[in-house]
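Nothing in this text is a laboratory measurement; each read-out follows from the coordinates by a stated rule. The model shown is predicted, which means the values in this text are computed figures rather than measured ones. Here Cβ is always computed from backbone atoms with ideal geometry, including for glycine, and neighbour counts include all displayed protein chains.
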Amino acid sequence: MPLTLALARERAEGECRTALVPETAKKFSALGARLRMEQSAGAQSHFLDTDYAEVDFAPGLPEAYASADLILRVTPPSLDEVAAMPEGAVLIGLLKPFESRERLAALNARKITAFALELLPRISRAQSMDALSSQGACSGYQCGLIAAARCTKFFPMLTTAAGTIRPARVLVIGAGVAGLQAIATCKRLGAMVEAYDVRAAAKEQIESLGAKFVDTGVSADGSGGYARELTAEEKAAQAERLTKAIAAADVVISTAAIPGKRAPVIITRDMVGRMKYGAIIVDMAAESGGNCELTQPGEHVIANDVNIHGPLNLPSRMPTHASELYAKNLYNFLSPWIKDGELRIDWDDEVVAGTVLCRDGATVHTAVRQILGDA
Ligand code: NAD
């Protein structure tokens, strides 16, 4: 029997993306896979059932998953969804691996082999599979748009008959994939952009986009190309220099993150108190606790006439392109292991070994095991 690849509609609140788009369905089918999909599973991303020529449709999730060998998802499955998976199936998605011991236990109880794309090694060969990057780019772009739409000022310089308008000042804190996209978006809209990151490589990347690097003298490269947590002295040095830049900004976009940890608190209540009246903070780190002390995840709060936005699931605001990129990441990860309609995974491959979360009824990822135990 050829490999059956299955997809159900994403049921998490506010989730509009899908893990299989018509283009990747065609490509999986060309590799010999059978495709089974819940009706209307692509509709929230504006892909119609009729766009998926190679797919058999099922009326609901249980029927879609019933004979699945390989299940594609965007978000982690609920416990009920895990229960609907055939024992021993392979699951791949953004599974929030550090979030729930209960979910891990449920996956292990059903002997699901689970790949969590958040764990994908950030190496050159894996760039085309890197869902954190593709979705981060969507998030950064959306942050720039939210900021421009909510700002009480023009982003570009404007020369009008009534006089000249100065461009808005934007500060981007955290210049990883999302932060760099936020910088590029705000630059395209004509704002004056400054940016800051603790990784040494970020300076050159910020400047290559035409933004000014804010130098706090703090450098904190960690392992795997990521930042590490700052020491108390480093935090104080960073705060001293950033307070001035934050006070001068009309818009602050913050995207700073440390993998597997709460987002660092960089913008304190006191710093908000020194900001311009009417200024805006778009805190992309809201999902993992927020870079601003006053951020409420999913809310818009006003403090000292500063508008603090903590938007959640930003890629889902542009589900068509976010899904296209995400679905291609999945195809690029899986396609080397599908031959003649069969899934033959090389467990020694560096990318596979780094991304696998559970296998044969056990949690196998070392960092997840250290934090959540064996589950
Ligand atoms: P991330 O989402 O984990 O963090 C966002 C940014 O916040 C990072 O740039 C980080 O340095 C920064 N940050 C953390 N603490 C901070 C603090 N206290 N103050 C200011 N900034 C702080 O990062 P990401 O966007 O996923 O990317 C992280 C790294 O991985 C980058 O170096 C990126 O170039 C690299 N990367 C490599 C590949 C690849 O080769 N496959 C793909 C994507 C990203």
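For the stretch 139-317, the dipole from Cβ point charges (+1 on Lys and Arg, -1 on Asp and Glu) about the Cα centre works out to 440 debye, to the nearest 20. Neighbours of residue 297 by Cβ distance under 10 Å: Lys/Arg scored +1, Asp/Glu scored -1, total -3.
Helical content alone sets the calculated 222 nm signal of the chain at -9000 deg cm²/dmol, taking -39,500 (n - 2.57) per DSSP H segment of four or more residues and averaging over every residue. For the chain, take the longest principal axis of its alpha carbons; what is the angle in degrees between that and the long axis of helix 232-248, to the nearest 10 within 0 to 90? Its long axis makes an angle of about 70 degrees. Contact order for the chain, expressed relative to its length and based on alpha carbon pairs under 8 Å spaced 6+ residues apart, stands at 20 percent. By the Stokes-Einstein formula, at 1.567 mPa s and 4 °C, the stretch 94-186 with its Kirkwood radius over alpha-carbon pairs has D equal to 79 µm²/s.
If the convex hull of the alpha-carbon atoms of the stretch 1-105 is projected onto planes in all directions, what is the mean projected area in square nanometres? Could you put the intermediate results ahead of the total?
Details: hull surface 26.1 nm².
For the Cα atoms of the stretch 1-105, the hull's average projected area reads 6.5 nm².
Qualifying trypsin sites (Lys or Arg not before Pro) in the stretch 109-200, where qualification requires a DSSP coil assignment and no more than 15 other C-beta atoms within 10 Å, comprise 122. Where Lys and Arg each count +1 and Asp and Glu each count -1, what net charge lies around residue 93 among other residues with Cβ under 12 Å from its Cβ? Charge balance in the 12 Å sphere: 0.
Sorted from greatest to least, the principal axis extents spanned by the alpha carbons of the stretch 139-317 come out as 53, 34, 33 Å. With the convex hull drawn over the C-alpha atoms of the stretch 153-210, the volume per residue is 65 Å³.
As a rough footprinting exposure proxy, the listed residues 52, 196, 65, 277 were ranked by other beta carbons within 10 Å of their own, and the order from fewest upward is 277, 52, 65, 196. When the Cα positions of 332, 353, 315 are compared along the charge dipole of the stretch 313-362, 315 comes out farthest toward the positive end, with charges on each C-beta of Lys, Arg, Asp and Glu. Under a Gaussian network description of the chain, with springs only between Cα atoms under 10 Å, the residue in 148, 162, 200 that fluctuates furthest is 162. The local environment of residue 226, defined by Cβ-Cβ distances under 14 Å, has a net charge of -1 under the rule Lys, Arg +1 and Asp, Glu -1.
How high is the FRET efficiency from residue 345 to residue 262, r the C-beta distance, R0 45 Å, rounded to 0.05? Given R0 = 45 Å and the Cβ-Cβ separation, E is 0.85. Projecting the alpha carbon convex hull of the stretch 210-280 along each direction and taking the average yields 5.7 nm².
GNM remark for the chain: springs join alpha carbons under 10 Å apart, and the peak mean-square fluctuation among 361, 217, 290 falls on 217. Listed by Cβ neighbour count within 10 Å, with the fewest neighbours leading, 130, 349 appear as 349, 130. All Cα-Cα separations within the chain were binned at 10 Å from zero, giving a P(r) of 5, 23, 30, 22, 14, 5, 1, 0, each value a whole percent of the pairs. The amide H of residue 18, built 1.01 Å from its N in the peptide plane, has 323 as neighbours under 5 Å, considering only residues 5 or more places off or on other chains. Just checking the listed ones, 164, 216, 268: in the Gaussian network model of the chain with Cα springs under 10 Å, the one fluctuating most is 164.
What is the stretch 152-243's relative contact order, in percent, from Cα pairs under 8 angstrom and six or more apart in sequence? Display every interim value, and only then the final one.
Values: 140 pairs, mean separation 18.9, N = 92.
Reported relative contact order: 21 percent.
Look at the alpha carbon pairs under 8 Å that are at least 6 residues apart: their mean separation over the length of the stretch 225-358 gives a relative contact order of 16 percent.
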